[in-house]
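These notes are about the structure you will find just below.
The values are calculated or read from the model by the stated rules, or taken from the named source; none is laboratory data. Note that the structure is a prediction, hence the values are computed from the model and not measured. Backbone-built Cβ (ideal geometry, glycine too); neighbour counts: all protein chains shown.
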Amino acid sequence: MKNQAVGRHRYDSRIALRAGGPAHLAGVLALLLAARGPLAAQPLPTTSCPAATPAAPRARPDPLARATFDSAVAIIGRTYFDSTFRGVPWAQLADSLRPIVEAARERSATRSAIRTMLDRLGESHFAVVDGTLAADAAPEATEMRSLGVEVRWIEASVTISALRPDGPGARAGLRRGSRIVAVNGCALEPELRALREQLPAALVGTRALARARELLMPRDSAPVRLTVDTGRATPRLATVTVAPAILSERLARLGNLGFIPFDVDADRVRHGDREIGVIRFTAWVPPAVAPIDSAVDRFRDADGIIIDLRGNLGGIGGMVMGVGGHFIDSVVTLGTMRQRSSTLRFVTNPRRVSTAGVRVTPYAGPLAILIDPQSLSTSEFFAGAMQAVGRARLFGERTGGMALPAIAERLPNGDLLYHAIADFVDAGNRRLEGIGVTPDVAPSVTRAALLDGADPVYDAAIAWMRSQPRSTPTGPARR
Amino acid sequence: MLARSRAVRAALFALGTATVFGAAPLAHAQAPSAAQVIDKYLLAIGGKDAIAALKSMRQVGTMEMPAMGMSMEMDVAVAAPNKRAMKMSIPGMGEMVQGYDGTTAWANDPMQGPRVLKDKELAQVMESSDFVAEMLKDASKYKSIEVVGQEAFEGTSAWKLKFTRPSGNATTEYYAVDTGLLIGQVASQATPQGEIEARTVMTDYKQFGAIKLPTKIMVSAGPQQMQMTTKTVTFNDVPDGAFALPDAIKSLVKP
């Protein structure tokens, strides 16, 4: 498959750069590499990546432990959308754990007790996080260094799924389909093995990717050493030293959630006699809105638009109202948020004016949305809603099923409590939590395909678009 | 998901319109009339004449959502007879703006994009758009105003008044028995997402010129809380241009 770039940016359909952007705190890190050296044969590292150094136990119980625990219990008790707590005896459970907390000499013990309670609810978007991690992620500038590499969880491995064409990773010789084996000499496998042993299978990939992105996110300008399994006979293993570079990724601050990396990449590509607009964005954050709006303007006369949400971990749910309004010319309900005392609907705002202030109608041509198991939260919400109202065709793999509206609150000891405040159903009255969104077309996504330079999901979307009638332009386009 | 911004704005809008009201039947023999409660309130904040002399007002401050760690700058301007403009700037996230020029009510934010308010949203803006009448609690703007009881509000004994608009929209307000000041409000706000009930607590009244206004306003909407802090209030200095429709809105209302 060949692409012909006709827009300002060259687009290679085999490449879909993504900077990663977790809506929840777990790991919000982009994995981008700039390379400096050729691939070289390398023995498999066996050293595990160092875990955080445990704090020295206090001589006395943590004075903030009880207040922190009780605060977490009270917050969930006040805001959890199901007042029956899904049958979990919330108060009794807290009572049973409180003695452990009162004796806690480390914050980790308090966190563990809170996590025990949260886990009993059995839903996503509940976590307690070391508050200092968020502080660490608070840079002064919104620019960020990256390696120009995206990873996904493919065939139970952290696999390079995309490389920025002009990025450090690509220049270093990294290839799609390669598996990340070690970072800076620290092998991933021990951590992956632990995740497999401790977590339900459905969560392993998401957690593994979060951890991989955390390890791979450049903290400064220091080069990052990646050891990869190339998938080729020789060299089977190779180590690349990649110097981080400032690319197009940026950081957006989302309150207590800290700084979320995001990137928006939009290109106009030609496939046969069709011109297709492709918009990829890595997080639903307000600073991404302007470039998304601008991209839609550029593609108003295109024969189809693809929104690539693979690897997009979510963000601000309300953004679906504006983005959805680019493609639906009426006010429709995309989903419903159910809190204990109120119900709020997410409705489209039909976008009838361009970024230049020119009257337009929302884009009416074929719309494809690409999804994968790392399309989470708001991405699932958007994809599911657009599918339910019949406006888009979904391509890829089932999403992760982590779709609850949530906020992060600071606890007395500085930790952050991330918690869902509402249940959510999409336009088809489907609960997505724990279920995910099923694509209309599900091509097989394999490492072999990546190694061959193919993108079966993208290709399937293009094939569908080429089978559709030519669309009518809905307004002036800016190329 | 941070889908709450609309709720924030809705609550803010309700607050931006501030106060109001007039006469009403007695709730029971011992209670003052609504008119008496309102008269005491008006006297407490500066008097009817001082309020009636206002042509415009601009309030600048901050709004925080402590639970979410978010803070934003807020700038609200109103002008007689019925104009308003509000801008909230969130560092790193952009601006949320909305306004009413006496004809068109509009909003624009990163979540939804530019839009013209219609139906119930527009009706709510229109019926509360006269800021002087709102501050005076002008009885002619209501179908009824009644004292429905006396109860403690945030630990302060207060007269509870129910204000009902001709449209049927009702708001409950609490006036401190001792000071006469408005200390709380419970109102339902129309939004595209549906009705949002907001409970508002007003404290820290300070003198600005001839008028006394609350400088701390805490709004609770569902599990969310927002705290607004007024830094400055100026009067009769808002230029007409402050209420001009943005280009995007002009395009939307163009026939």
Legend entry - Selected residue [over 17 Å from the mean Cα position of the chain (by Cα) and of a type in the set (Gly, Ala, Ser)] from B:Gly168, B:Gly184: B:Gly168
Inset, instruction - Could you tell me which numbered condition A:Ile305 fails, if it satisfies all but one of (1) touching a His at 6+ places or on another chain (Cβ under 8 Å); (2) more than 9 Å from every other protein chain (Cβ to nearest Cβ)? - result: (1)
Inset, instruction - Examine region B:175-185 for a residue that is assigned to a strand (DSSP E or B), over 23 Å from B:Lys212 (Cα atoms) and not hydrophobic (A, V, I, L, M, F, W, C), and state whether such a residue exists. - result: no
Inset, instruction - Report yes if some residue within region A:210-232 is away from every other protein chain (no Cβ under 14 Å), crowded, with 23+ Cβ neighbours inside 10 Å and in contact with a Gly (Cβ under 7 Å, 6 or more places away or on another chain); otherwise report no. - result: yes
Legend entry - All strands (runs of 3 or more DSSP E) inside region A:297-355 with 3 or more residues being closer than 16 Å to B:Asp109 by Cβ: A:343-347
Inset, instruction - Go through region A:302-348 and give me each residue that's among the charged types (D, E, K, R), surrounded by fewer than 24 Cβ atoms within 10 Å (Cβ to Cβ) and in contact with a strand residue (DSSP E or B) (Cβ under 6 Å, 6 or more places away or on another chain). - result: A:Asp303, A:Arg338, A:Arg345
Inset, instruction - For region B:89-108, enumerate the residues that are without any contact (Cβ under 8 Å) to a residue 40 or more places away in the chain and either within 11 Å of chain A (Cβ to nearest Cβ) or surrounded by 22 or more Cβ atoms within 10 Å (Cβ to Cβ) (or both). - result: B:Ile90, B:Pro91, B:Gly92, B:Met93, B:Gly94, B:Glu95, B:Ala105
Inset, instruction - Run A:Val289 past the list (1) in contact with a helix residue (DSSP H, G or I) (Cβ under 7 Å, 6 or more places away or on another chain); (2) closer than 20 Å to A:Ser377 by Cα; (3) more than 8 Å from chain B (Cβ to nearest Cβ) and report the number of the one that doesn't hold. - result: (3)
Inset, instruction - Go through the residues of region A:390-397 one by one and say whether even a single one is within 12 Å of chain B (Cβ to nearest Cβ), surrounded by fewer than 21 Cβ atoms within 10 Å (Cβ to Cβ), at pLDDT 90 or above and in a loop (DSSP other than H, G, I, E, B). - result: no
Inset, instruction - Select, from A:Gly258, A:Gly272, the only residue that is under 24 Å from A:Trp153 (Cβ atoms) and either in contact (Cβ under 8 Å) with a residue 60 or more places away in the chain or within 14 Å of chain B (Cβ to nearest Cβ) (or both). - result: A:Gly258
Inset, instruction - Mind listing just one residue for me: the one in region B:186-226 that is free of Cβ contacts under 8 Å to residues at least 60 places away in the same chain and closer than 19 Å to B:Glu121 by Cα and, of those, surrounded by the fewest Cβ atoms within 10 Å (Cβ to Cβ)? - result: B:Glu195
Inset, instruction - Identify, from the list B:Met65, B:Met111, B:Met86, the residue that is in contact (Cβ under 8 Å) with a residue 40 or more places away in the chain, aliphatic (A, V, I, L, M) and closer than 16 Å to A:Pro286 by Cα. - result: B:Met111
Legend entry - Condition check for A:Ser341: touching a residue at least 12 places away in the same chain (Cβ under 8 Å), polar (S, T, N, Q) and within 13 Å of chain B (Cβ to nearest Cβ): no
Legend entry - Answer residue from region B:221-248, given it is touching a strand residue (DSSP E or B) at 6+ places or on another chain (Cβ under 8 Å), at pLDDT 90 or above and closer than 26 Å to B:Val116 by Cα and is nearest to the other protein chains (Cβ to nearest Cβ) among those: B:Ala248
Legend entry - Residue within region A:346-366 that is among the hydrophobic types (A, V, I, L, M, F, W, C) and more than 11 Å from chain B (Cβ to nearest Cβ) present: yes
